[in-house]
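Remarks on the structure that follows.
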Amino acid sequence: MKEDYYDILGISKGASPAEIKKAYRKKAIEFHPDKNPGDTAAEESFKKAAEAYEILGDADKRARYDQYGHQAFENGGGFGGGGGMNMDDIFSQFGDIFGGGGFGGFSGFGGGGGQRRSKGSNLRIRVKLTLEEIANGVEKKIKVKRKIQAPGTTYSTCSTCQGAGQVTRITNTILGRMQTAAPCTACGGSGQMIDKKAPGADAQGLQFSEETVSIQIPAGVQDGMQLKVSGKGNAAPGNGISGDLLVAIEEQDHPQLKREGDNLHYDLYVSFSEAVLGASREIETVTGKVRIKIEEGVQSGKILRLRGKGIPSINGYGSGDLLVHVNVWTPKTLNKEQKEFFVKMSNDDHFLPKPESSDKSFFEKVKDMFS
């Protein structure tokens, strides 16, 4: 079981953004690979701290994590585990948290020892899913047009910044000597200059290419939820890191089922004779059709609960239910013989309303739906 992100950073769930940032900085300094050479345990802790900060340091991701836990970022929804993180991703994304040159010269953070690696821009797409796909999870193969390094383009280290991607300046102030850092204007912060540009490449040595990307979508996702496929965005020039592909989920309406959280609702209309005599009816579910029994004498508004026939929880806590709402259909037109029958029965004792204590009111039924 994955470790809680708040526990990794040693903070409470009510921690402020400033407290989260401070806690991550402390952990990163403690476990940085340059400070713990050859220590695989320290490197693992360093990766875990970066993964935790990547989620908790972003307001939207933190909200999804608080609601759905680790499930919200599995199968392309996040880093996918500290052990699988790329160190270059960490340095590229979070180096600025320490300020220019303010991390004691550790590599990757622009302090002077390492080469900065720029990151390409992210791409965003929307994926439409049926209710059945959401209930069962699905693999989608999507064609994506993204920038890649043009074959034949070569790069060399920027002579201005020596590949760091930024230049540092020391100025004298009334407070003493201050060191500042700014992106290198010669290479645009990438640390690389084009040595040879291939035909058809843009000014950064990149070109568009269409690629089929496989996206694993877990069961239980919701409309508006965003998943991430790392490294499938636009490439960065030189030895940079590709951006990410952000996948926004769009839930399509189902012709018969209505979703409410992990529960599903189905309106079942029965005839007057079926309500009186009882019946067996086949209804639609997200896993196929099932047959249910309608008891004789069923009342309109009766709710039949089919346990576990709803949507799986994205947190892995089982599945919701399918709530079948029974609606007795009253005929609007009758022939003479039919009317005579009901006129005759209108005062019959069996046709007079006699609600029993077990017959729940409308408000009690609504309460039961959410219990």
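The values are calculated or read from the model by the stated rules, or taken from the named source; none is laboratory data. Bear in mind that the values here come from a model prediction, so they are computed numbers and not experimental data. Quick reminder, even Gly has a Cβ in these numbers, built from the backbone with ideal geometry, and neighbours come from all protein chains shown. Note: accessible area is taken over every heavy atom of the protein model, side chains too, but ligands, DNA and RNA are not part of it. Shrake-Rupley method; radii C 1.70, N 1.55, O 1.52, S 1.80 Å.
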### Pick from the stretch 176-199, criterion within 16 Å of residue 153 (Cα to Cα) and open to solvent by less than 30 Å² (accessible area, probe 1.4 Å), ranking: nearest to the chain's Cα centre (by Cα)
190
### Query
Can you spot a residue in the stretch 310-319 that is surrounded by fewer than 16 Cβ atoms within 10 Å (Cβ to Cβ), under 30 Å from residue 231 (Cβ atoms) and touching a residue at least 12 places away in the same chain (Cβ under 8 Å)?
yes
### Summary
Listed by first then second residue, the pairs whose first member lies in the stretch 142-159 and is free of Cβ contacts under 8 Å to residues at least 60 places away in the same chain and assigned to a loop (DSSP other than H, G, I, E, B), whose partner is open to solvent by less than 40 Å² (accessible area, probe 1.4 Å) and not hydrophobic (A, V, I, L, M, F, W, C), with beta carbons under 7 Å and at least 6 positions apart or on separate chains, are 150/205; 153/205; 158/191; 158/192
### Qualifying residues in the stretch 200-226 (those that are of a type in the set (Asp, Glu) and part of a loop (DSSP other than H, G, I, E, B)) - the one most open to solvent (accessible area, probe 1.4 Å)
223
### Task
Restrict the check to the stretch 272-287 and report whether at least one residue is part of a loop (DSSP other than H, G, I, E, B) and crowded, with 20+ Cβ neighbours inside 10 Å.
yes
### Query
How many residues are open to solvent by 40 Å² or more (accessible area, probe 1.4 Å) and in contact with a helix residue (DSSP H, G or I) (Cβ under 8 Å, 6 or more places away or on another chain) when one looks only at the stretch 227-266?
4
### Task
Please enumerate the residues belonging to the stretch 308-321 that are out of contact with any Phe, Trp or Tyr (no Cβ under 6 Å at 6 or more places or on another chain) and of a type outside the set (Asp, Glu).
308, 309, 310, 311, 312, 313, 316, 317, 318, 319, 320
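Each row is one residue, and each column tells you yes or no for (1) touching a strand residue (DSSP E or B) at 6+ places or on another chain (Cβ under 6 Å); (2) under 18 Å from residue 121 (Cβ atoms); (3) modelled with pLDDT of 90 or more.
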site	(1), (2), (3)
165	no, yes, no
169	yes, no, no
187	yes, yes, no
198	no, no, no
219	yes, no, yes
229	yes, yes, yes
233	yes, yes, yes
236	yes, yes, no
253	no, no, yes
### Message
Looking only at the stretch 331-357, filter to residues that are assigned to a loop (DSSP other than H, G, I, E, B) and open to solvent by 90 Å² or more (accessible area, probe 1.4 Å); which one of those is farthest from residue 307 (Cα to Cα)?
### Response
347
### Residues that are under 22 Å from residue 73 (Cβ atoms), more than 22 Å from the chain's Cα centre (by Cα) and of a type in the set (Gly, Ala, Ser), drawn from the stretch 17-54
23, 28, 45
